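This report refers to the structure that appears directly beneath it.
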Amino acid sequence: MALLILLRHGESQWNLENRFTGWVDVELSEKGRKEAAEAGEKLKNIKIDKAYTSALKRAIDTLDIALKAAGKSGIPTVRDKALNERHYGALQGLNKAETEKKYGEEQIHIWRRSYEAAPPADKTELNPEGRTESLKDTAARTLPYFKKHVLEDLKAGKNVVIAAHGNSLRSIVMDLDQLSKVKVLALNIPTGIPIVYNFDSRLNIISKKTL
């Protein structure tokens, strides 16, 4: 058997300010650092063999703080941009409430939660290349990486923690839980709350719980 622990980073400064973040590399807020430490306390009695995180510091710092609180600093850790948050395109840096007034609550909900809809890709100061990603685009980089590396660790019987982001983790949960494009609309991964999957030797899910 093997355990997979999914941990969304603690509240970031832009979560606090209600701004779209995406690939912008912002710090954790004071609350976010506390959430990370509290997550670590919940992991104290769980053996963890390996950790993965994105290349963004809010996820990296969450992992570092959580592992320190759990007394597990120094375990093998891999950082990779394949686990980065989805790119929010022209919305990056904008206040969510003000953006809802401009585009409408329904449209913002579609951009944030749907599988195939991507935010506008206009070039801005925070998005000079004019990039944007849907959840489908995010899954196209996250899932191959997850299946190539993380599932192999789980198959070998290792307990693994992934500290990443709302949408990179949503793409993994969507795949693991076999959620449809409709059901994924309601899926939200809370900050700083460990989600634990228990797998058997054939990588069948035995159980899932939130700590």
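Quick rundown of the values:
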| item | result |
| --- | --- |
| All positions within segment 129-157 that are acidic (Asp, Glu) and either farther than 18 Å from residue 170 by Cα or touching a helix residue (DSSP H, G or I) at 6+ places or on another chain (Cβ under 9 Å) (or both) | 129, 133, 152, 153 |
| Close pairs (8 angstrom Cβ cut-off, 6 or more residues apart or separate chains): farther than 18 Å from residue 166 by Cβ in segment 99-120, assigned to a loop (DSSP other than H, G, I, E, B) anywhere | 120/132 |
| Residue within segment 88-107 that is modelled with pLDDT of 95 or more and closer than 29 Å to residue 50 by Cα present | no |
| Selection count where residues are of a type in the set (D, E, K, R) and part of a loop (DSSP other than H, G, I, E, B), scope segment 79-104 | 3 |
| Helices (runs of 4 or more DSSP H) contained in segment 131-211 and holding at least 3 residues of a type in the set (A, V, I, L, M) and out of contact with any strand residue (DSSP E or B) (no Cβ under 8 Å at 6 or more places or on another chain) | 135-145 |
| All positions within segment 152-165 that are farther than 22 Å from residue 36 by Cα and surrounded by 18 or more Cβ atoms within 10 Å (Cβ to Cβ) | 153, 154 |
| Qualifying residues in segment 159-180 (those that are more than 14 Å from residue 139 (Cα to Cα) and among the β-branched types (Val, Ile, Thr)) - the one nearest to the chain's Cα centre (by Cα) | 162 |
| Residue tally, condition in contact with a strand residue (DSSP E or B) (Cβ under 6 Å, 6 or more places away or on another chain), crowded, with 16+ Cβ neighbours inside 10 Å and hydrophobic (A, V, I, L, M, F, W, C), over segment 40-74 | 5 |
| From 35, 30, 100, residue being touching a helix residue (DSSP H, G or I) at 6+ places or on another chain (Cβ under 7 Å) and of a type in the set (D, E, K, R) | 100 |
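Table: residues versus (1) at pLDDT below 95; (2) closer than 21 Å to residue 65 by Cα; (3) of a type in the set (A, V, I, L, M).
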| site | (1), (2), (3) |
| --- | --- |
| 141 | no, no, no |
| 148 | no, no, no |
| 151 | no, no, yes |
| 160 | no, yes, yes |
| 163 | no, yes, yes |
| 171 | no, no, no |
| 177 | no, no, no |
| 182 | yes, no, yes |
| 185 | yes, no, yes |
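Table: residues versus (1) over 18 Å from residue 142 (Cα atoms); (2) in a loop (DSSP other than H, G, I, E, B).
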residue: 7; (1), (2): no, no
residue: 15; (1), (2): yes, no
residue: 31; (1), (2): yes, no
residue: 41; (1), (2): yes, no
residue: 44; (1), (2): yes, yes
residue: 47; (1), (2): yes, yes
residue: 67; (1), (2): yes, no
residue: 73; (1), (2): yes, yes
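The values are calculated or read from the model by the stated rules, or taken from the named source; none is laboratory data. Owing to the predicted nature of the structure, the values given are computational and were not obtained by experimental measurement. Virtual Cβ from ideal backbone geometry, glycine too; neighbours counted across all protein chains shown.
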